[in-house]
Amino acid sequence: MKKIITLYGQPGCGKSTQAQMLAEKYGFFRFGMGDKLREEIESGSSLGQKIKPFVDEGTLIPDDLMIQVIKNIAEKATESGILFDGFPRIVAQAEMLEKLASEIGLEMGNLYYLRLKPEESLKRIKARSKMGKRSDDASPKAIKNRFAIFERESKPLLEYYRTRGKLIEIDGALKIDETQAEIIKSL
């Protein structure tokens, strides 16, 4: 059966790197929420204009807008399923994703939590910002907001998946290939 699996963790924990590698190795359709949001903003669409202030400030996108972002995901599912990178972020989004999975006939797989100390996360974000790939990496206010939201929202989300037996915790400070090996063990 096709599955939905998710990668979750602090900004800079390596979610996108791991997601790309897993998608290439196993054929998952990779849905990078951050990438999708930035793509929507760059398109100049009305949805992009609505979500831009939230991305710029490093705050969560309201659920009604988030639903619009993920609504066409079913047609993108591959034989392996869908790998969400950076979604869900809160319990309401996890519930939204479970409902979507049920509606499109996909099994809910695990949430892989890439644990990383805040100081290591900040170090990685600063290094990434030097490459100029993401405007929200260059804004100290946006970074501070992203960290605060993560801290506030992560505990309930992790507990949500833990109580369902769907939480896999992995040390995000491991080398890239070591992190990948840990994820693969429980796929």
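The values are calculated or read from the model by the stated rules, or taken from the named source; none is laboratory data. These figures come from a predicted structure and were not determined experimentally. Virtual Cβ from ideal backbone geometry, glycine too; neighbours counted across all protein chains shown.
Once the range 65-80 is narrowed to residues that are touching a residue at least 24 places away in the same chain (Cβ under 8 Å) and out of contact with any strand residue (DSSP E or B) (no Cβ under 7 Å at 6 or more places or on another chain), the residue that is surrounded by the most Cβ atoms within 10 Å (Cβ to Cβ) is 66.
Note on the range 65-102: residues that are part of a helix (DSSP H, G or I), of a type in the set (Lys, Arg) and under 15 Å from the mean Cα position of the chain (by Cα) total 0. Note on the range 158-187: among residues that are on the phi < 0 side of the Ramachandran plot, of a type in the set (Gly, Ala, Ser) and not in a helix (DSSP H, G or I), the one that is modelled with the lowest pLDDT is 186. Each residue in the range 103-117 was checked for being within 21 Å of residue 26 (Cα to Cα) and within 16 Å of the chain's Cα centre (by Cα), and 7 pass. Restricted to the range 126-151, and to residues there that are surrounded by fewer than 13 Cβ atoms within 10 Å (Cβ to Cβ) and of a type in the set (Gly, Ala, Ser), the residue that is modelled with the highest pLDDT is 148. Filtering the range 48-64 to residues that are buried (at least 16 other Cβ atoms within 10 Å of the Cβ), touching a residue at least 12 places away in the same chain (Cβ under 8 Å) and in a helix (DSSP H, G or I) leaves 50, 51, 55.
If you filter the range 15-47 down to residues that are within 10 Å of the chain's Cα centre (by Cα) and outside any strand (DSSP E or B), you find that the one that is farthest from residue 161 (Cα to Cα) is 35.
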